[in-house]
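Values quoted throughout were computed directly from the atomic coordinates according to the rules given, and no laboratory measurement underlies them. Note that the coordinates shown come from a computational prediction; the quantities given were computed from them, not determined experimentally. Cβ coordinates were reconstructed from backbone atoms using ideal geometry, including for glycine residues, and neighbour counts include every protein chain displayed.
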Amino acid sequence: MVDRATLNVMAFAQDGQRAFRAMLEGPDGFPAVGNSARKLGVRVNEPAPVDGFIVPLTGGMSVALDDPRALPRHRRPGSLGGLGRDPVFLATVPLSDHLRIHQERLPDKHGSVEPIRACRPEEYAGFVVATRPRWRKVAA
């Protein structure tokens, strides 16, 4: 249970807000899918299941909100002043009816794509992969 004081500082991405993520590009121009930090998907046991479920507010797939330059330097491509090798993709919030983006470290622009309700890990992974058509490449 989350206490009232915690709720007062929680922030979630709002409809229309932009989410950025550096990912490998698939042959069709959309992000490649897989269980790695460089693909669209979720890593095994990240976030760690609680009693077999992925629960809200425990982390998820990382994104930068509002500005691709908010991505970590090692993930940003050179065109954005970084060292990363992968292009940056953009999706507009909401990503789906099953996911939300929790802005974890205010005022930092880091966010975690997480389930809105508790679900099995394979269900969460499916929700994330289902967002693939929403992502558009914006920087290489």
Which peptide among 36-43, 131-138 comes first, and what is the full order, when sorted by highest mean count of other Cβ atoms within 10 Å?
-> 36-43, 131-138
Cβ-Cβ cut-off under 15 Å around Pro121, Lys and Arg +1, Asp and Glu -1: the net charge is -2
At 7 Å along the Cα-to-beta-carbon direction for both Phe53 and Gln17, put a label point, then send me their distance in nm to one decimal.
-> 2.4 nm
Would you kindly work out the equivalent ellipsoid of the range 17-139 from its C-alpha gyration tensor and give its semi-axes, the square roots of five times the eigenvalues, largest first in whole Å?
-> 23, 16, 13
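What does the C-alpha gyration tensor say about the overall shape of the range 29-91? Classify as rounded when a/c is under 1.5, otherwise prolate if a/b is larger than b/c, or oblate.
On the way: a/c = 2.50, a/b = 1.95, b/c = 1.29.
In terms of gyration-tensor shape, prolate.
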